[in-house]
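Remarks on the structure that follows.
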Amino acid sequence: MSPHVLRHSTAMRLLHAGVDTIVIALWLGHESVVTTQICVHADLALNERALARTPIDATPGRYQPTDTIMAFLGDL
């Protein structure tokens, strides 16, 4: 186990406990909150919870552009 693993694990536990990412970034000594956001994006459980709260009104399937859109793109 490395120091990085300990820091990352602690940061993820704080994130799951609802601690703000700015506080976590300060605690970790990150120069920018952007660095801490990488952990947020990499956390699948957090992403799944966010998606579960997002209303989705679209029907699943493959997008098919209309002929008008295809003609527009062809003229570019």
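The values are calculated or read from the model by the stated rules, or taken from the named source; none is laboratory data. All values reported here derive from a predicted model rather than from experimental measurement. Please note: Cβ atoms are built from the backbone with ideal geometry, for glycine as well, and neighbour counts cover all protein chains shown. Protein only, heavy atoms only, side chains kept; ligands, DNA and RNA dropped before computing areas. Shrake-Rupley method; radii C 1.70, N 1.55, O 1.52, S 1.80 Å.
Here is a list: Ile69, Ile24. Which entry is modelled with pLDDT of 85 or more and touching a helix residue (DSSP H, G or I) at 6+ places or on another chain (Cβ under 7 Å)? First the steps, then the outcome.
Values: Ile69 fails: touching a helix residue (DSSP H, G or I) at 6+ places or on another chain (Cβ under 7 Å).
Exactly one residue qualifies, and that residue is Ile24.
In this structure, is Gly18 within 16 Å of the chain's Cα centre (by Cα) and at positive phi?
Numbers: within 16 Å of the chain's Cα centre (by Cα): yes; at positive phi: yes.
Judged against the criteria, Gly18 is a match.
Checking Leu15 against (1) touching an Asp or Glu at 6+ places or on another chain (Cβ under 8 Å); (2) of a type in the set (A, V, I, L, M, F, W, C); (3) open to solvent by 40 Å² or more (accessible area, probe 1.4 Å), which test does it fail?
Looking at each condition in turn, Leu15 falls short on (3).
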